[in-house]
1. Below 8 Å between Cα atoms, with a sequence gap of 6+, how large is the relative contact order for the stretch A:3-66 in percent?
2. Provide a list, ordered by number, of residues in the stretch B:108-127 showing at least 20 Å² less accessible area with every protein chain present than when their chain is taken on its own, using a 1.4 Å probe.
3. For chain B, build the charge dipole from Cβ charges (+1 Lys, Arg; -1 Asp, Glu) around the Cα centre, then report which of B:GLN43, B:SER328, B:PRO352 sits farthest towards its positive end.
4. When the gyration tensor of chain B is built from Cα positions, what are the square roots of 5 times its three eigenvalues, in whole Å, from largest to smallest?
5. Return the whole-Å distance between the Cα centroid of the stretch A:3-45 and the Cα centroid of the stretch B:46-119.
6. I need the phi-derived Karplus couplings for the stretch A:41-49: 6.51 cos²θ - 1.76 cosθ + 1.60, θ = phi - 60°, integer Hz, Gly and Pro marked x.
7. Taking a quarter of the surface of the convex hull around the Cα atoms of the protein assembly as shown, what do you get in nm²?
8. How big is the accessible area of B:ILE295 in square angstrom, nearest 10, if you roll a 1.4 angstrom probe over the protein chains?
Amino acid sequence: MSMRVVANLNVCQGHARCEDLCPEVFSTDAVEGKVVIEQPEFPPELEEKVRLAVRNCPEGALRITKGGKA
Amino acid sequence: MTLQWQPSPPDHVPTELMIDFDFFKIPKGITDPIQIWHGLVRQGVPPIFYTPHNGGHWVFLKYDDIVEGYRNYGIFSTHQTPIPPIEPFPVVQPQGMDPPEHNVFRRVLAPMFTPLAVRRMTEGLQHRAETMISHFAEKSRCDFIDDYASKFPTSTFLELFGLAEERLQEFLDLAHIFFRSTDPTERAQNLNDIYAVLEEMFREKERSPGPDMASTIVAARDANGNPHPWEDILNCGFLLFVAGLDTVTNTMAYVWRYLAITPGARAHFRSKLDDPAAFLIAIEELMRINAVSNIFRRVTHDCEYKGIRFRKNDRVILPNTVANRDRSVFDNPHTIDLDRKVNNHVTFGVGPHRCIGSHLAKREIMISLQEWLRQIPEFELDEEQDEGSVFGGSVMGFTSLKLRW
């Protein structure tokens, strides 16, 4: 089953740690600098990097769900 | 004048929570001011305690409480927070406002400090670092504070605000008095001088705007399309002047001091010069371990937090360095691990007031270190260091740091 990462934009404060750690999946917007998930359903080879990005979010704004719509 | 923001006498504080601690005072023999905070933790003082010094204030020593202090603006406000308490005190924009009013100027500033915006500054920062370091690289020694760490962020400020580089010394002098003077008359005059410079700058940018931050701030309009109050514009300029200078200077001082005494760390960074992602992971660890800011909050109303009574206007200090070495959050918290995988440090705060300049600050430090190591791959502490060159307070650091190579 594919993995999916979701962000809570009410909680994100634009630390951009996710973008630093896994730019393949995360970027940030030009207005507030909040997370933009470029690739919500990421391939298995990126799982470790995405998990690391999630664990490094100082606000706890990211979450991994298993497949389908979050 | 009626004073509105003064804390009440601490008769609501139980004796067992009263600790004798002055965060401005660095005892003789302490060469690293951060250690006064870790000394408290080692002594086993209560994780939430009150000290009568500096007008009286609480101190939080647990990661969870420090994070709560940042996030729960319903209790812990950023409005009128100085320690010791001073009135009148300027309401700096947007830092001195709680949400939702905070959003007004945060929105003005945010686009200029996003990772995207900061990436566009890279070339300018690189050029500045390269030139500044080349001025003393051949001399085999420098005072890192005077020759680099205070100059670099001030010079960056001038460029971002569209001011002439020739004004560097004037701004260095203004900043030096602001951060280091303890003379009340000199401080009052200095504040007037800074505001006079900001006034002149914003008036000039209003007349002839350029592609700089000062012009963007002065041209910004509120939700109804009206200009922002002039006082708020000045207070926003003031925030950017004071917030991005001393913090960056002293973080750099800590980083270079550590590298000067740690050959393995210099080798680690040198080996990552062509691997920016790994270089940045190591920088994050140095951000965690060298958190120089102690952040102030003011209690908004009489309440209880964690079973402890707080009174309206009580001051609270959130020492980032303590949160960053809380063993319930970090493995081997006092060990510097330049490959640390999970690093949720709070050096730039969390919540709505997360340091808006964090990406710029990190980029300034990262580029400076890259350029430094290219020109000065090996360096050490000079045997002769100035006596009494450490200081505490809201930003901790060094007035002098002599390096040689």
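The values are calculated or read from the model by the stated rules, or taken from the named source; none is laboratory data. These numbers come from a predicted model, not from an experiment. Quick reminder, even Gly has a Cβ in these numbers, built from the backbone with ideal geometry, and neighbours come from all protein chains shown. Each accessible area value is taken on the protein alone, full model and side chains, heavy atoms only, with ligands, DNA and RNA left out. Shrake-Rupley method; radii C 1.70, N 1.55, O 1.52, S 1.80 Å.
1. This gives 47 percent for the stretch A:3-66.
2. Residues of the stretch B:108-127 that lose at least 20 Å² of accessible area once the other chains are added: B:ALA110, B:PRO111, B:THR114, B:PRO115, B:LEU116, B:ARG119.
3. B:SER328
4. Three semi-axes, in Å: 32, 29, 20.
5. With the stretch A:3-45 and the stretch B:46-119 each reduced to a Cα centre, they are spaced 26 Å.
6. 9, 9, x, x, 5, 9, 4, 5, 5
7. 24.1
8. The value for B:ILE295 is about 50 Å².
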